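Note sheet for the following structure.
The values are calculated or read from the model by the stated rules, or taken from the named source; none is laboratory data. Note that the structure is a prediction, hence the values are computed from the model and not measured. Every residue, glycine as well, gets a Cβ built from its backbone with ideal geometry; the counts of neighbours run over all protein chains shown.
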Amino acid sequence: MYRTRVGTITLLVGLALALVSLATRLSALRVPGNHQGYSPTQPIAYSHRLHAGELGIDCRYCHVGAEQSPHAGIPPAGICMNCHTSVSAPRADVLAEAKKAEAANRKPELVVSPEIRKIYRALGLNDKRERDPKLERDPIAWMQVHKVPDFVRFDHRSHITASVACQDCHGPVETMERMRQHSTLLMGSCVDCHRKKKATLDCGACHQ
Ligand code: HEC
Ligand code: HEC
Ligand code: HEC
Ligand code: HEC
Ligand code: HEC
């Protein structure tokens, strides 16, 4: 009698715990939605159309992680400085100032655009690209655009190695003035391509 009761209680407690854990799992699964088209304002008006399109810079020059790690990575301001040490403003603005200076018979002034200035400030540099102790280094707080829920396992490396193009998932990035989410990133978008390319359809491959 006593023994059965303990048995029943254990069973009930076990059942309750199982239900709670199932509920937590389900609510964890429910959080995400469809963020297709999401395009938050970024702290610097960085343009993929200009850099990846017009200037033709390779995606992996900036997103170095894509080939070797799960995350493609966002470039640190130091990578921008490979060019923006010398490019402090759009060429047209620099030329306009040179013309004005020539007409006025003076030396051209240094032209620093407000957007490029933000890169310098992020590194604690003044307009002449000198370290200024009064300026605090303040990393650029880029807004994250793409995100799959935590219960999903996604790795850039295996896709890049299998020659899947960035554009197959991210769309025509080289035409985007401002980054936006092109695909739904919902399960169907993964599974559709996996079916076509005969990649894994195993639930456990994509879900932890
Ligand atoms: C000169 C550096 C540079 C190059 C080249 C570049 N990117 Fe980016 N990329 C960035 C920066 C900076 C951000 C963060 C700001 C933003 O979202 O626009 C970013 C953001 C992204 C994001 C969104 C990240 C997120 O938060 O979800 C994707 C996707 C992306 N890039 C793909 C590409 C692809 C594809 C290419 C090549 C066609 C490319 N990028 C070329 C610098 C670069
Ligand atoms: C390979 C060289 C190169 C790299 C790397 C590069 N840029 Fe540029 N960027 C340029 C050039 C060249 C221009 C100017 C084009 C023009 O003359 O209008 C420019 C223009 C810009 C502009 C427009 C400036 C304005 O005032 O309109 C912004 C903003 C900018 N870059 C941000 C960035 C950021 C942020 C990074 C790093 C994530 C970066 N760039 C990396 C070459 C580069
Ligand atoms: C098979 C689809 C797919 C391909 C191909 C792909 N991405 Fe992504 N990318 C994603 C997904 C999904 C996320 C969101 C990942 C997350 O939440 O962890 C993402 C996120 C990103 C991010 C922001 C977060 C991070 O990983 O650092 C960047 C930047 C990015 N991708 C760039 C690229 C570039 C550049 C390429 C090509 C070299 C590329 N992606 C190829 C699907 C893809
Ligand atoms: C445009 C096509 C395409 C899309 C979209 C795509 N994949 Fe894949 N994926 C592939 C290919 C091709 C492989 C096979 C790689 C291999 O066999 O080496 C693969 C392999 C994988 C693997 C197994 C290798 C590993 O990294 O462990 C996982 C997991 C995976 N993809 C997850 C996802 C998820 C999650 C999404 C959606 C967010 C997604 N994929 C979207 C093409 C795609
Ligand atoms: C190729 C990768 C991939 C495979 C294979 C896969 N899933 Fe998913 N699944 C995802 C992604 C990405 C999400 C998150 C986006 C979403 O909610 O659609 C997801 C979400 C889910 C969700 C939550 C849906 C919601 O509305 O919140 C459930 C449940 C699920 N998957 C079950 C499964 C089962 C069961 C299988 C095996 C039959 C499976 N998945 C196979 C990628 C995959």
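Just one residue in the set E54, E67, E97, E115 is within 11 Å of ligand 2 (Cβ to nearest atom), touching a residue at least 12 places away in the same chain (Cβ under 8 Å) and of a type in the set (D, E); that residue is E115. Quick check, is C169 of a type outside the set (S, T, N, Q), in contact with a Cys (Cβ under 7 Å, 6 or more places away or on another chain), part of a helix (DSSP H, G or I) and more than 16 Å from ligand 2 (Cβ to nearest atom)? No; evaluated as a whole, the condition is false for this residue.
For the stretch 146-163, a residue qualifies if it is away from ligand 5 (no atom under 12 Å from the Cβ) and either more than 17 Å from H71 (Cβ to Cβ) or of a type in the set (A, V, I, L, M) (or both), and the qualifying residues are I160, A162, S163.
Contact annotation: residue pairs with Cβ atoms under 7 Å, 6 or more positions apart or on different chains, pairing a residue in the stretch 124-137 that is small (G, A, S) with a partner that is exposed (fewer than 11 other Cβ atoms within 10 Å of the Cβ), are G124/R131; G124/E136. Once the stretch 84-94 is narrowed to residues that are surrounded by 13 or more Cβ atoms within 10 Å (Cβ to Cβ) and assigned to a helix (DSSP H, G or I), the residue that is nearest to ligand 5 (Cβ to nearest atom) is H84. Selection of the stretch 97-110 for residues being touching a Pro at 6+ places or on another chain (Cβ under 9 Å) and either surrounded by 17 or more Cβ atoms within 10 Å (Cβ to Cβ) or of a type outside the set (K, R) (or both) yields E97, A98, A101, E102. Here K134 qualifies as among the basic types (K, R), over 29 Å from V173 (Cβ atoms) and modelled with pLDDT under 95. Among the residues of the stretch 150-164, just one is aliphatic (A, V, I, L, M) and either surrounded by fewer than 13 Cβ atoms within 10 Å (Cβ to Cβ) or farther than 15 Å from C193 by Cβ (or both), namely A162. Among the residues of the stretch 149-166, those identified as assigned to a helix (DSSP H, G or I), in contact (Cβ under 8 Å) with a residue 24 or more places away in the chain and over 14 Å from the mean Cα position of the chain (by Cα) are R157, I160, T161. With the condition kept exactly as written, say whether any residue in the stretch 121-128 is under 16 Å from the mean Cα position of the chain (by Cα) and either farther than 18 Å from A77 by Cα or of a type in the set (A, V, I, L, M) (or both). Looking through the stretch 121-128, none of the residues is under 16 Å from the mean Cα position of the chain (by Cα) and either farther than 18 Å from A77 by Cα or of a type in the set (A, V, I, L, M) (or both). In a helix (DSSP H, G or I) and within 25 Å of the chain's Cα centre (by Cα) - does that describe any residue in the stretch 102-115? Yes - at least one qualifying residue is present in the stretch 102-115.
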